[in-house]
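Take a look at the structure below.
The values are calculated or read from the model by the stated rules, or taken from the named source; none is laboratory data. Computed from a prediction, not measured in an experiment: that's the story for all the values here. Methodologically, a virtual Cβ is constructed for each residue, glycine included, from the backbone with ideal geometry; neighbour enumeration extends over all protein chains shown.
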Amino acid sequence: MVKTLENIRREEASDWERNAEFYRTDDHSPLMQSLARRREQFYEISAGQRVLDLGCGSGAVVASLRRRGVDAVGVDYAQAMVDVARTEYGLGEQVRRSAAADLPFETNSFDVVIANGVFHHLAVQEELLPALREVRRVLKPGGRLCCFDRNGSWVSTLMSGGCVRIKELLRIATGRQRFASCASRNEIGFGDPDDLKTIRGFDFDIIRQQQVSTALFFFCVVVLNGIEYFLSSRLRSFIECRLVGAITWIDRRCGWRQFCVEQFIVFNAAKCARKVVASAGRQAALMEKATAPQTQVGETVYE
Ligand SMILES: C[S@@+](CC[C@H](N)C(=O)[O-])C[C@H]1O[C@@H](n2cnc3c(N)ncnc32)[C@H](O)[C@@H]1O
């Protein structure tokens, strides 16, 4: 099929509707929970802060923050994700259906915006720049943007590209739609220096960064998902419960970028126009791209 921007967006959107059930169970897996705990520690969000989780998925992060007294809300454009967040975690209006590029919130209304595993998907949909503009708008001056995303290392690029191709092969071999994530073929390895410049161009400074998810961790997650899908979820839990201690121990100790596939980053939104003046040219170019009319349907053809 010819990959126009419109059918990439359609494929991405329908993948997320289908993936909601997978996220409902995966969030509870010991490996994912260990990563989530480390991420929450790294973000240093305090009780009483107002927080938006952008692309919140099944709502696990919003629920966990709310339990700690944080005034957290989430948005996701997949209705199935919003439904899971409501049934699994009892979240009501705290989770809404909304596209990242059009946030239903007032200007300067959040202390923190979280984007876990979302930006590389927005890039695929060409929504990254409009979404960053929205994030900047809803964040208070001096607020924080906390991200978890790819780190642009060769191992990250190799493994994510390999996974997409394996998923495509499995989809063809089994006819099961669960593996249809073909739009992801166009993902960027978000987090390489040029990609980070894109965020910084919106007047954000990096204040903390940590490499996480070693290749071993990522590989184990993929194998465990395969065991669950093709064999049984009980076998997956049996193996995972025995391995989780060793895998997380290695993962915590190895922070070398080339062995890791992902990273946590905390950005600070500048309080004044200092950087806008300093980088007016680049900012203007990015903003122009962000506000430009969307590509015509059928105009862009992706490889
Ligand atoms: C990799 S999942 C991450 C979910 C969650 N943040 C987590 O860490 O488990 C990406 C999420 O982003 C959402 N998403 C993708 N594109 C989006 C868009 N344009 N606007 C809003 N949400 C989007 C998807 O529906 C999905 O739930």
Q: Among the residues of segment 244-259, write down those that are touching a Cys at 6+ places or on another chain (Cβ under 8 Å) and modelled with pLDDT of 90 or more.
A: Ile247
Q. In the list Ala85, Ala72, Ala99, which residue meets the criterion of being of a type outside the set (D, E, K, R), within 14 Å of the chain's Cα centre (by Cα) and surrounded by 17 or more Cβ atoms within 10 Å (Cβ to Cβ)?
A. Ala99
Q.
I'd like to know if segment 167-175 contains one or more residues that are of a type in the set (Lys, Arg), more than 16 Å from the chain's Cα centre (by Cα) and away from the ligand (no atom under 15 Å from the Cβ).
A. yes
**Q.** Single unsatisfied condition, Arg68 versus (1) over 22 Å from Asp251 (Cα atoms); (2) touching a strand residue (DSSP E or B) at 6+ places or on another chain (Cβ under 8 Å)
**A.** (2)
Q | Thr87 being farther than 17 Å from Glu11 by Cα and not in a helix (DSSP H, G or I) | A | no
Q.
For segment 99-157, give me the residue count where each residue is modelled with pLDDT of 95 or more, out of contact with any Asp or Glu (no Cβ under 8 Å at 6 or more places or on another chain) and of a type in the set (Asp, Glu).
A. 2
(Q) I'm trying to understand the selection: among the residues of segment 33-55, which are in contact (Cβ under 8 Å) with a residue 60 or more places away in the chain and either within 12 Å of the ligand (Cβ to nearest atom) or part of a helix (DSSP H, G or I) (or both)? (A) Ser34, Leu35, Arg38, Arg39, Phe42, Tyr43, Leu52, Asp53, Leu54, Gly55
(Q) Return the residues of segment 239-260 that are hydrophobic (A, V, I, L, M, F, W, C) and touching a Leu at 6+ places or on another chain (Cβ under 9 Å); say none if nothing qualifies. (A) Ile239, Leu243, Val244, Ile247, Ile250, Cys254, Phe259
Q) Which members of segment 35-50 meet the condition of being small (Gly, Ala, Ser) and over 17 Å from the mean Cα position of the chain (by Cα)? A) Ser46, Ala47, Gly48
Q) Inside segment 56-86, can you point out the residues that are of a type in the set (Lys, Arg) and either within 6 Å of the ligand (Cβ to nearest atom) or touching a residue at least 24 places away in the same chain (Cβ under 8 Å) (or both)? A) Arg66, Arg86
